[in-house]
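One structure is given here, and the rest of the page talks about it.
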Amino acid sequence: MIGNNSIYPSHHPSLGLVIGTYGSVPYIHLHLESWIRNCRDVPVLIHDDCSPHRDQLEDLCRDYGVDFYSNPSRCGHIVGDMMIYPHALHWAEERGLDILVKFSRRFVPVIPWQNELGLLAYKTQQATFSGRCEHESWTFRTDCVAMHVRSWLDYDGLEPIHRHIEAGKWVYVETVVQEGARRVHEHACDTARRYLEQNPPEEGRDGYAYWSLPGCNRRVPRHNVLWHECSSPVEYHRAIAQYGVGRYSTEDFTAEGY
C-alpha cells in the first residue's frame, strides 16, 4: 500500500517514458534524438499500433537501446491510443518506476524536462500531471501526461480506459483518461489533499496537477516543445537536421497519424 502522508519521498522520482505512435518513423527518430540529448537516463518504450512500419521502428529502437512494442493487430486511432496506458503502466511497474510519462508522437520536447516534473511531483504529491487547452476548452490533455504508477494501478485508474477499449466506440481520450485520474485522486495522500486545499483547481480541471510542459493552449507556439498544431513540418525537419540526421525531408513530417 502507498503511504498516507506522501507518495514521493524526494524530488527525484524515477521516471519512465512511453511514446505512442502509428508508424511515423521520422517523428520517433526525432524523439529519440531529443531524448538522447536531454533525458537519456529515462527508460523509454515506443508503443506502435501495428503499423506497416513496425519493423523499421523496431530497428530504430534497437539502435538507440530503447524498448519497443507493437499491438498484435491494429486497434485504430481511439482504441490504439488508449491501449498505450495499460501496457505502459505495467512496463513501468516491472521496472520499479515511480512515474510514467506519455508523449504523443508529435509532442517533442527539445529541452530537459525531468527535473521540473520531479519538483512538481514532490511539491504537490499528486498522482497525475497534465495541461489543458483554453482554445479547445479542454480540461485535460493526453499528448503529454504523467502518472504515478502505483496509484494508477492500485486504485483502478485504468478501469475507464479498459471499459472504453472494450466498447470500441469513438470518444475523447482526454475525457476517459481524466476520469481515471479523478478515480485515482479519490485516494490522494494527506499532503496532496492539503496542497489542493491551498491551491484549489478551477472547475473541471480536477484530478491532476497542472504541468507547464504541455501548457494551457495547444495552438500557441512554445520555445521548448514541437507540437503539430503550433509547429510546422519545416520546424520538425529543421530540428532533426540540427541533430545531424539528414535522411528525412520536410514532407516526411506532414503525414497524419497519432
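Data overview
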read-out: Whole-Å distance, taken between Cα centres, linking the stretch 42-85 and the stretch 137-212; value: 24
read-out: Average Cα contact separation per residue, the stretch 60-150, under 8 Å, 6 or more apart, as relative contact order %; value: 31
read-out: Peptides 100-109, 69-78 ordered by average Cβ neighbours within 10 Å, highest first; value: 100-109, 69-78
read-out: Relative contact order %, the stretch 101-191, counting alpha carbon pairs below 8 Å whose residues are six or more apart; value: 31
read-out: Mean separation of Cα contacts under 8 Å (6+ apart) over length of the chain, as relative contact order %; value: 24
read-out: Highest-MSF residue in the chain out of 120, 15, 89 [GNM, Cα springs under 10 Å]; value: 120
read-out: Antiparallel DSSP beta bridges within the stretch 15-253, as percent of all bridges there, nearest 5; value: 35
read-out: Coarse-grained scattering of the chain at q = 0.16 Å⁻¹, given as base-10 log I(q)/I(0) from a Debye sum over alpha-carbon atoms; value: -1.24
read-out: Gaussian network model of the chain, springs between alpha carbon atoms under 10 Å - residue of 131, 80, 168 with greatest fluctuation; value: 168
read-out: Projected label distance in nm at residue 229 and residue 37, using a 7 Å step from Cα toward the beta-carbon; value: 2.6
read-out: Paramagnetic reach from residue 123 in the stretch 1-45 [backbone N under 16 Å; point 7 Å along Cα→Cβ]; value: 8, 10-13
read-out: Charge dipole magnitude, Cβ of K and R +1, D and E -1 - the stretch 15-253, Cα centre, debye nearest 20; value: 400
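Quick note: the coordinates plus some simple rules give every number you see, no bench work behind them. Bear in mind the structure is a predicted one, so any value in this text is a computation, not a measurement. Cβ sites come from the backbone with ideal geometry, for glycine too, and all protein chains shown count toward neighbours.
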